[in-house]
Amino acid sequence: MEEIPVRVAVRVRPLLPKEIFRHQHVCVRIVPNTQQVIIGKDRAFTFDFVFGQKSAQDQVYATCIKPLVLSFIEGYNVTIFAYGQTGSGKTYTLGGGHVVSTADEEKGIIPRAINEIFQSISEHQNTEFTVKVSYIEVYKEELRDLLGHETSSKDIHIREDEKGNTVIVGAKECVVESAEEIIHLLEGGNGARHTGTTQMNEYSSRSHAILTITVDQKVDKLDEELNKVQDAEETFHTSSQVISSKFHFVDLSGSERVTKTGNTGERFKESVQINSGLLALGNVISALGDPKRKSQHVPYRDAKITRILKDSLGGNAKTLMIACISPSSSNFDESLNSLKYANRARNIKNKPIVNYNPEWDRIDEMELEIHALKEALQKYHGLIASQGSQVSQDLTGEHGKNRIRVLEEQLTRLQAECHRYRTSAEDAFNILLELKGLTTLPKIQERKLQEWLDAAEEFQNKNSVARVDSGGSTTGDEPNLHTVLQLKRELKKCQDALAADEKVFSQKEAELKRLQARINTVLQENKVHLAILDDEENKQKLQVTVELYTFI
Ligand code: ADP
Ligand code: MG
């Protein structure tokens with residue numbers, strides 16, 4: 001089976017009025033003209049699609065959903081699942097809640113996709129369509145039918161059919177004729193969904209909800225072979241082909257951690273269940289992103305949600321994950337987690353060879369570090385170049401040569417002075433050493449003298465070591481000579497650079513001369529042409545005059 005990639009979109013919602021009121025800051029931004037999201041200072045992630053705070057519902061739909069709806073009509077199975085912490089915009093983006101009362105431009109993916117499906121159906125005159133809808137939720141690892149309140153959870157099962165496709169049996173499937181009918185069923189189902197109050201979102205969804213639209217198409221096809229044989233009789237024979245495709249819209253429960261919502265008691269149990277489902281989903285995504293996965297077990301069976309989504313992850317469906325992100329700095333950790341989670345899903349598709357491993361984050365960080373270092377290096381080079389040109393400016397030309405001469409003279413003067421001091425210090429050392437042996441001094445003076453002698457000796461030793469280190473010479477002039485040589489070398493380099501510049505200038509000048517010559521030639525030619533033109537004009541005038549006279 002051909003592997004169909006999972007695509008990942010990220011949508012960052014705007015700050016909510018209550019967040020603005022609490023002076024919360026934005027910590028997530030989109031890099032313009034890229035598919036990159038940056039969280040915090042510099043954690044960057046790249047996805048298939050990114051939508052910023054100002055992205056409109058129709059933009060999201062047109063960019064990444066419409067092509068999937070068209071594929072669905074072609075017969076592909078499609079799954080869209082929304083992931084993110086409670087309050088990050090999953091339901092808003094999917095558009096599964098309060099559909100009827102929502103203004104048209106605010107409508108999310110589901111109502112837009114449903115309209116498109118029915119629009120497309122009305123355009124296929126030769127096809128017979130049957131549209132069915134089911135709406136279930138996974139609540140605390142139990143399946144619930146949101147369309148058939150009388151259906152018991154125990155009667156709903158996840159099975160594999162004879163082709164290996166995942167099917168949910170026992171849930172009510174309603175046959176529908178219009179988009180409005182689906183919306184009506186959806187609203188009814190939402191009323192039955194489990195919602196609860198947490199500190200984060202008043203009606204936070206506590207369950208995974210899965211709306212499934214199945215379309216069976218019976219395509220009437222001209223049997224061309226028979227037509228060819230019986231062309232004379234102009235008889236058309238038709239045969240039928242049935243295509244059945246499923247569209248899952250999955251609104252996953254909030255991915256927030258228990259501590260953040262302040263959930264306790266029953267709510268705490270729910271959070272644990274919710275997160276275990278999302279954890280299982282994460283494990284499936286990781287396993288599928290592993291290049292060794294041919295031999296690796298993919299833990300679909302660990303949770304109901306992963307069993308239901310089996311076809312959508314590593315199966316035969318076209319799948320889009322929409323990671324919804326809150327931009328608020330107070331949700332930084334959750335947003336970062338969601339981006340990491342979404343990034344793993346992207347691995348299934350984009351880099352089947354690159355395995356997700358714990359080093360992944362470190363690699364991200366290292367890439368950023370390398371980037372920062374490269375920038376720093378560039379800046380440094382710029383600085384060196386400007387300083388270099390300054391030095392070359394300072395040291396070239398007559399003025400530069402004079403400066404070097406002055407510096408060299410100064411250096412020689414200082415060397416001589418230094419030499420004098422050193423000799424005097426050595427003489428003093430020897431004299432004091434002799435005196436020390438000859439006279440008995442008061443204790444305090446004797447101690448002072450000894451200290452001075454020790455310090456002088458130490459200084460002498462250090463000096464001789466330094467001289468040996470710098471080439472074994474003990475003349476003392478060597479380091480200064482070294483500096484002069486270095487300066488001279490630098491000057492040579494600058495002079496070379498100047499010569500190269502001069503060469504370029506002379507080339508440019510030659511080119512300029514060539515162009516000037518060409519312009520002159522063209523001007524000359526132009527003059528000749530003008531003269532010919534004048535000539536022709538005069539002839540023409542003469543001709544007209546002659547003709548006029550002849551006529552008279
Ligand atoms: P979730 O389903 O993830 O818990 P919701 O979809 O309920 O989150 O969104 C929480 C709040 O944020 C709602 O009031 C919703 O209207 C608002 N919201 C979410 N996304 C957007 C968006 N892209 N633009 C404007 N408001 C948004
Ligand atoms: Mg929701």
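Values quoted throughout were computed directly from the atomic coordinates according to the rules given, and no laboratory measurement underlies them. Values in this document were obtained by computation on a predicted structure and should not be read as measured data. Glycine also receives a Cβ, built like all others from the backbone with ideal geometry; neighbour counts cover every protein chain displayed.
For the reader, a short list of remarks on this structure follows.
- Residue pairs, from the table 132/154; 41/107; 140/218, whose Cα atoms sit over 27 Å apart: 41/107; 140/218
- Computed FRET value (nearest 0.05) for residue 517 with residue 539, which takes r as the C-beta separation and R₀ as 35 Å: 0.55
- Shown in residue order for the range 531-541 are the 3J(HN,Hα) couplings computed by the Karplus curve 6.51 cos²θ - 1.76 cosθ + 1.60 at θ = phi - 60°: 4, 4, 4, 4, 4, 4, 4, 4, 4, 4, 4 Hz (x for Gly and Pro).
- Computed from phi, the 3J(HN,Hα) profile of the range 20-26 under the Karplus parametrisation 6.51, -1.76, 1.60 (θ = phi - 60°) reads 5, 4, 8, 6, 7, 9, 7 Hz, with x in place of Gly and Pro.
- Computed FRET value (nearest 0.05) for residue 26 with residue 436, which takes r as the C-beta separation and R₀ as 51 Å: 0.05
- Extended-chain gain in nm, criterion 0.36 nm per residue less alpha-carbon gap, residue 428 and residue 154: 87.9 nm
- Each residue of the range 418-423 is assigned a 3J(HN,Hα), and the resulting list reads 4, 4, 4, 4, 5, 4 Hz, derived from the Karplus form 6.51 cos²θ - 1.76 cosθ + 1.60 (θ = phi - 60°), x at Gly and Pro.
- Label point distance in nm, residue 493-residue 301, each placed 7 Å from Cα along Cα→Cβ: 7.0 nm
- Annotation for residue 98 and residue 123: the two label points, set 7 Å from Cα along the Cα-Cβ direction, are 3.3 nm apart.
- Note on residue 330 and residue 418: the model spin-label points, each 7 Å out from Cα along the C-beta direction, lie 6.7 nm apart.
- For residue 48, the residues whose amide H sits under 5 Å from its own are 8, ignoring neighbours fewer than 5 places away on the same chain, with H placed 1.01 Å from N.
- Efficiency of FRET from Cβ geometry, residue 59 and residue 501, R₀ 51 Å, rounded to 0.05: 0.45
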